[in-house]
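Asker: This is the structure, below, for whatever I ask next.
The values are calculated or read from the model by the stated rules, or taken from the named source; none is laboratory data. These figures come from a predicted structure and were not determined experimentally. When we count neighbours, we look across all protein chains shown, and the Cβ atoms used for this are built from the backbone with ideal geometry, even at glycine. Heads up: the accessible areas ignore ligands, DNA and RNA and are worked out on the full protein's heavy atoms, side chains in. Shrake-Rupley method; radii C 1.70, N 1.55, O 1.52, S 1.80 Å.
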Amino acid sequence: MDENLQKVFNQLIHIEQVSTTLYLAMSAYLDRKNFTGMANWLRLQSDEERGHLLTLIKYVTDKNGVVELSSVQAQPTDFGTPLETFQQVLEHEQYVTNAYRQAYSYINQVDPQGGVIIQDFLREQIDEEAQAQTIIDRLTLAGNDASATLLIDQELGQRQAAG
């Protein structure tokens with residue numbers, strides 16, 4: 001794997017490190033606030049991002065590249081209301097989509113096999129952003145109605161690990 005390609009993959013690896021850590025921090029925060037369903041949803045989202053991280057690491061090592069795991073900044077311990085938390089989820093997913101879009105342009109030209117992996121992640125990002133937007137829309141509809149928010153929390157708690 002050439003140095004430039006390795007650098008791009010390592011940037012994506014770092015983004016996935018941040019993603020898994022961020023969602024785990026959000027999960028812990030909402031769990032502390034007794035929104036256990038939302039905490040479950042975010043914990044599973046963290047696991048999914050870790051899966052992406054491992055896929056990228058495996059690809060780089062399979063191509064005889066060097067994986068650089070850099071440190072991740074400490075995450076916040078307060079994310080505001082559930083609505084504000086999921087607004088941050090959507091913003092982060094949009095950032096991730098943009099990073100993968102930019103990486104794809106380069107990777108696909110120099111490494112079509114790597115491009116397939118990135119394209120799969122880009123395809124998945126459509127769903128990631130749509131899920132976050134749906135949760136935001138529903139929490140917005142709930143407004144200050146605690147019962148409605150708890151129903152949304154209960155529904156999000158039914159999310160199962162992808163398998």
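Asker: For region 65-77, enumerate the residues that are in contact (Cβ under 8 Å) with a residue 40 or more places away in the chain and open to solvent by 80 Å² or more (accessible area, probe 1.4 Å).
Answerer: Looking only at region 65-77, we keep the residues that are in contact (Cβ under 8 Å) with a residue 40 or more places away in the chain, and these are 65-70, 72-73, 75-77.
Listed by number, the residues that qualify are 66, 68, 69, 73, 77.
Asker: To continue, here is another question. Identify the residue in region 78-94 that is under 10 Å from residue 30 (Cα atoms) and of a type in the set (Val, Ile, Thr) and, among all such residues, is least open to solvent (accessible area, probe 1.4 Å). Can you show your working first?
Answerer: At the first step, the residues of region 78-94 found to be under 10 Å from residue 30 (Cα atoms) are 78-82, 85.
Remaining after also requiring of a type in the set (Val, Ile, Thr): 81, 85.
Working: 81: 66, 85: 0 Å².
Top of the filtered list is 85.
Asker: Out of 111, 62, which single residue is charged (D, E, K, R) and without any contact (Cβ under 8 Å) to a residue 40 or more places away in the chain? Walk me through how you get there before you give the answer.
Answerer: Details: 111 fails: without any contact (Cβ under 8 Å) to a residue 40 or more places away in the chain.
When all the criteria are applied, what remains is 62.
Asker: To continue, here is another question. If you check every pair at least six apart or on different chains, which have Cβ atoms under 7 Å apart with a residue in region 19-40 that is among the charged types (D, E, K, R) first and a residue that is part of a helix (DSSP H, G or I) second?
Answerer: Listed pairs, sorted by first residue: 31/39.
Asker: With respect to the numbered conditions (1) in a helix (DSSP H, G or I); (2) surrounded by 14 or more Cβ atoms within 10 Å (Cβ to Cβ); (3) of a type outside the set (Phe, Trp, Tyr), which one is the sole condition not fulfilled by residue 120?
Answerer: Exception for residue 120: condition (2).
Asker: On the given criteria, is residue 54 without any contact (Cβ under 8 Å) to a residue 24 or more places away in the chain and either open to solvent by 50 Å² or more (accessible area, probe 1.4 Å) or farther than 13 Å from residue 82 by Cα (or both)?
Answerer: Working: without any contact (Cβ under 8 Å) to a residue 24 or more places away in the chain: yes; either open to solvent by 50 Å² or more (accessible area, probe 1.4 Å) or farther than 13 Å from residue 82 by Cα (or both): yes.
It is true that residue 54 is without any contact (Cβ under 8 Å) to a residue 24 or more places away in the chain and either open to solvent by 50 Å² or more (accessible area, probe 1.4 Å) or farther than 13 Å from residue 82 by Cα (or both).
Asker: Inside region 134-156, can you point out the residues that are open to solvent by 80 Å² or more (accessible area, probe 1.4 Å), among the aliphatic types (A, V, I, L, M) and either in a loop (DSSP other than H, G, I, E, B) or under 17 Å from residue 33 (Cβ atoms) (or both)?
Answerer: The answer is 150, 151.
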